[in-house]
Amino acid sequence: MGLTISYTAGQTPLDEDEKEGLLIETVSTKAELDEFEQLNIENAVQWTMGQQFGQQTLLTEMFIKNLHQKMFSDTWTWAGAFRKTNKNIGVDKHQIGIELKKLLDDGLFWIRNKTFVPDEIAIRFKHRIVSIHCFANGNGRHSRLLADVIAGHIFSLPVFSWGAATSPTDVRMRYLQALKAADLGQIQPLLLFARS
C-alpha cells in the first residue's frame, strides 16, 4: 500500500522517489504521516532545549542539516539531506548550497552588527531559509524551529508562538499571507504573526 497525500495550500508535493524514503511501512495517509513526523519533531525540540548552541555552531550548513535530520530521521531516509529535485518553490536544486552559504554569512553579519533587532534577525533568517527550500519536506517546520533556536540560544529570548493566539482555522492562512508579504519585502506581518 502506497502513501496517499492530499496537499493543502502552501505544501510542497513529494516526488514518488521521495515518498519511497518513508521509513514506516504502515503509514498510508497524510494524517498518519503527520502524527509520526510530529513525534519526531517533538524529540528534536527537546534535543535543542538540552543543548548550548552559539552562533558559530548554529549558523553552519552542518547544523542546518543536523537539525532537519533530528526532526525527521525516524520518518524519512533522506532527512538532513538537501533535496535532489526542483520543487514548486525554492531555488534550483544545484543552488541550494550556494544560497544557504550566503544566508549563513548574512545571518552572522546581522548578529555581529546588530543590523536588525533580535526578533527580526530570527524571522528574516527563517524566511530566507524557507525560500531556499533546502529539503524535500518539512522546510516550514524546520525554519520555524531554527527561528526559535536563534531566538533562544543566541538572544536568550522566548521561542515564538507562531500564531498560537490565532483561531486554529485561521493560523495557516495568516502564516501563508505573512510569508507572501515577506516575499515582497514586507517582514512586519511575519514578525507579528510569529509573536501572536
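Taken together, the residues in region 13-42 that are more than 22 Å from Arg83 (Cα to Cα) and outside any loop (DSSP other than H, G, I, E, B) amount to 5. Against the test of being among the charged types (D, E, K, R) and within 15 Å of the chain's Cα centre (by Cα), the options Arg174, Arg128 yield a single qualifying residue, Arg128. What do you reckon, is Ile123 buried (at least 18 other Cβ atoms within 10 Å of the Cβ), within 17 Å of Gln55 (Cα to Cα), modelled with pLDDT of 95 or more and not acidic (Asp, Glu)? The answer is yes for Ile123. Only residues that are among the hydrophobic types (A, V, I, L, M, F, W, C) and either in contact (Cβ under 8 Å) with a residue 60 or more places away in the chain or in contact with a helix residue (DSSP H, G or I) (Cβ under 7 Å, 6 or more places away or on another chain) (or both) were counted in region 30-48, giving 4. Inclusion of Ile129 among residues that are touching a residue at least 12 places away in the same chain (Cβ under 8 Å), part of a helix (DSSP H, G or I) and either of a type in the set (A, V, I, L, M) or surrounded by 20 or more Cβ atoms within 10 Å (Cβ to Cβ) (or both) is warranted.
Restricted to region 136-196, the set of helices (runs of 4 or more DSSP H) holding at least 2 residues that are farther than 15 Å from Arg124 by Cβ comprises 139-149, 171-183.
For region 132-159, the set of residues classified as without any contact (Cβ under 8 Å) to a residue 60 or more places away in the chain and touching a Lys or Arg at 6+ places or on another chain (Cβ under 6 Å) consists of Ser143, Ala147, listed by residue number. Looking only at residues in region 85-94 that are in contact (Cβ under 8 Å) with a residue 40 or more places away in the chain and over 22 Å from Lys30 (Cα atoms), the one that is surrounded by the fewest Cβ atoms within 10 Å (Cβ to Cβ) is Val91. All of Gly21, Gly97, Gly107 fail the test of being buried (at least 18 other Cβ atoms within 10 Å of the Cβ) and modelled with pLDDT of 90 or more, apart from Gly107.
The values are calculated or read from the model by the stated rules, or taken from the named source; none is laboratory data. Note that the structure is predicted; figures quoted are calculated from it, not measured. Note that each Cβ is placed from the backbone with ideal geometry, even for glycine, and that neighbours are counted across all protein chains shown.
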